Amino acid sequence: ESIFYLNVLDIPPNSPEQEGKNALKFAMQNRIKLFYRPAGIAPVNKATFKKLLVNRSGNGLVIKNDSANWVTISDVKANNVKVNYETIMIAPLESQSVNVKSNNANNWHLTIIDDHGNYISDKI
């Protein structure tokens, strides 16, 4: 699976009719994440949790993504208490360190975002 970013900038034009008049104009910039998934790679869903490995490390966790998908983790909970406040994206077959407030928890829950924008939580 590959990710591409499409950046779109919209700047409103100046019109001759508005010359010399007060006007409020807004420029809009959008950044769109575009995923390319070849045939044969499964979508991100509840089964994706089976391919996420979590290990304790120093002041946090190391999360390894053994799937072929980019995985977006929106929430990490330790003993049902939110311990991170940043959304992270982990590339396929890569690991990422996550600083957490509590490293001595027994129960870890991750929340990922699936292909439809739904939040899915599960115990790791």
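Here, each number is a calculation from the coordinates, and none is a lab measurement. Please read all numbers here as calculations on a predicted model, not as lab measurements. Because the Cβ atoms are built from the backbone with ideal geometry, glycine has one as well, and the counts that use them run over all protein chains shown.
What the table shows:
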item	result
Only Lys, Arg (+1) and Asp, Glu (-1) charged, at Cβ; the range 46-123 dipole about Cα centre in debye	320 debye
Above-threshold pairs, the threshold being 23 Å between Cα atoms, out of Lys50/Lys77; Lys33/Lys77; Lys33/Lys123; Lys46/Lys82	Lys33/Lys77; Lys33/Lys123
Highest-MSF residue in the chain out of Gly20, Gly58, Gly40 [GNM, Cα springs under 10 Å]	Gly20
Net charge contributed by nearby residues that have their C-beta within less than 13 Å of Val81 (K/R +1, D/E -1)	+2
Local electrostatic count at Leu34 - Lys and Arg +1, Asp and Glu -1, tallied over other residues with Cβ under 15 Å	+1
Relative contact order computed over the chain (Cα-Cα under 8 Å; 6+ residues apart), in percent	23 percent
Signed unit charges on C-beta, dipole axis of the range 46-123, positive-most listed residue Gly60, Asn84, Asn104	Asn104
Alpha-carbon centroids, the range 70-124 and the range 4-22: separation in whole Å	40 Å
For Asn84, residues with placed amide H under 5 Å, excluding near neighbours	Val76
Cα convex hull volume per residue for the chain (Å³)	156 Å³
Amide hydrogen neighbours beyond the local backbone of Ser67, cut-off 5 Å, H modeled	Leu93
Candidates Ser57, Ser67, Ser15, ranked by Gaussian network fluctuation over the chain, Cα under 10 Å, top entry	Ser15
